1. Count, please, the residues in segment 19-67 that happen to be under 17 Å from Phe157 (Cβ atoms) and of a type in the set (Gly, Ala, Ser).
2. Within segment 17-41, track down each residue that is open to solvent by 70 Å² or more (accessible area, probe 1.4 Å) and more than 16 Å from Gly69 (Cα to Cα).
3. Taking Ile114 as meeting all but one of (1) open to solvent by 40 Å² or more (accessible area, probe 1.4 Å); (2) at negative phi, write down the number of the exception.
4. Restricting segment 149-163 to residues that are outside any loop (DSSP other than H, G, I, E, B) and open to solvent by less than 80 Å² (accessible area, probe 1.4 Å), which is nearest to Val5 (Cα to Cα)?
5. Does segment 117-146 hold any residues that are open to solvent by less than 30 Å² (accessible area, probe 1.4 Å) and among the charged types (D, E, K, R), and which are they?
6. On the given criteria, is Asp106 of a type outside the set (Lys, Arg), in a loop (DSSP other than H, G, I, E, B) and more than 30 Å from His182 (Cα to Cα)?
7. Looking at segment 63-111, which of its residues are open to solvent by 50 Å² or more (accessible area, probe 1.4 Å) and β-branched (Val, Ile, Thr)?
8. What number goes with the only condition from (1) more than 14 Å from Ile114 (Cβ to Cβ); (2) touching a strand residue (DSSP E or B) at 6+ places or on another chain (Cβ under 6 Å) that Arg158 does not pass?
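The values are calculated or read from the model by the stated rules, or taken from the named source; none is laboratory data. Only a predicted model underlies this, so the values are computations on that prediction, with no experimental measurement involved. Positions of Cβ are backbone-derived with ideal geometry, glycine not excepted, and every protein chain shown enters the neighbour counts. Just so you know, the surface numbers come from the protein's heavy atoms only, side chains and all, with ligands and any DNA or RNA stripped out. Shrake-Rupley method; radii C 1.70, N 1.55, O 1.52, S 1.80 Å.
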Amino acid sequence: MSGVVPRVVIPGDPSPLGAGELVVLRDERGRRSLVVLEDGGTWHSHSGAVAHDLLIGRPDGTAVATPKGVEIVALRPTREDFILKMQRGAQVVYPKDQAMIVGLADIRPGMRVIEAGAGSGALTLALLDAVGPEGSVCSVERREDHAVDARRNVERFRGGSVANWELVLGDVADVLATSTAHRVVLDLPEPWHALDGTASALAPGGILLTYLPSVPQVMEVTEALWSHGGFTDVATTETLVRGWDVDGLAVRPAHRMVAHTAFLTRARRVPRRDEGGPALPRKRRRATAVD
């Protein structure tokens, strides 16, 4: 089944579920499985079996019971459903960070975005949705096995090849040196080595965003950005998501939350000071003088 490219239909489409379509099956405990519906096919789990024919031709959100009496709901998968259950090699960028990356980097329809590395393709899917069919995404990955994972996942969720997506196997510094982009997103352990290439690819006003898990990495990239001279408005954030349990009058924060995953550092591309660009912020000037 891993080699099958399913038919993908947007959640909320009024058409019934069909053979060859990708769906997510959810049980009463919230456990989910990605399944491609087949005529005569059967889905097996610890909750019991479900015949695909019970779902084909039925509306999105149809519920059926297994022989064990467990209710299974069939839904067209959102991007979050797919990312949480897709095959992966590299660690993925989860939806809470995807949303912040798109927002902080101000990624809009029609833009060209360069990202590195591609990993398992999770962020790529969000970037493709953000730029729309008139924009484009170039994903750069050094590891061939990760590139294979990214291509499989992106094409599986998008229902085949994607015309406005380019996957490059190589070094992002080489790609940046010969490319132009509105935005650059770097999910790399040492993004400071790609700053010259990023400055070359971005016109003044463009935005760079880095995704880093640790404080030492954030310190390193922040110092490198300010020292470079071609960037300003360098700022770092992290996103914490806390769910709430709401059951009638019983309302309380969930006992578990999605806390730290990564730090997002954003910077704006500007001309250097001798080219008419801005001076360092006052506190940066003081720190540089002390050093």
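1. We begin by selecting, within segment 19-67, every residue under 17 Å from Phe157 (Cβ atoms); these are 20-25, 32-37, 60.
Okay, now just the ones that are also of a type in the set (Gly, Ala, Ser), so 20, 33.
The total comes to 2.
2. The first filter runs over segment 17-41 and keeps only residues open to solvent by 70 Å² or more (accessible area, probe 1.4 Å), leaving 26, 28-29, 31-32, 38-39.
Of everything in segment 17-41, those that are open to solvent by 70 Å² or more (accessible area, probe 1.4 Å) and more than 16 Å from Gly69 (Cα to Cα) turn out to be Arg32, Glu38, Asp39.
3. With (1) open to solvent by 40 Å² or more (accessible area, probe 1.4 Å); (2) at negative phi applied to Ile114, the lone miss is (1).
4. Residues of segment 149-163 outside any loop (DSSP other than H, G, I, E, B): 149-158.
After this cut, where a residue has to be open to solvent by less than 80 Å² (accessible area, probe 1.4 Å) as well, the list is 149-150, 152-157.
Numbers: Asp149: 14, Ala150: 14, Arg152: 9, Asn153: 10, Val154: 10, Glu155: 7, Arg156: 5, Phe157: 8 Å.
Applying the filter and picking the extreme gives Arg156.
5. Glu141
6. On the way: of a type outside the set (Lys, Arg): yes; in a loop (DSSP other than H, G, I, E, B): yes; more than 30 Å from His182 (Cα to Cα): no.
Criteria not met by Asp106.
7. The answer is Thr78, and nothing else.
8. Here Arg158 clears every test but (2).
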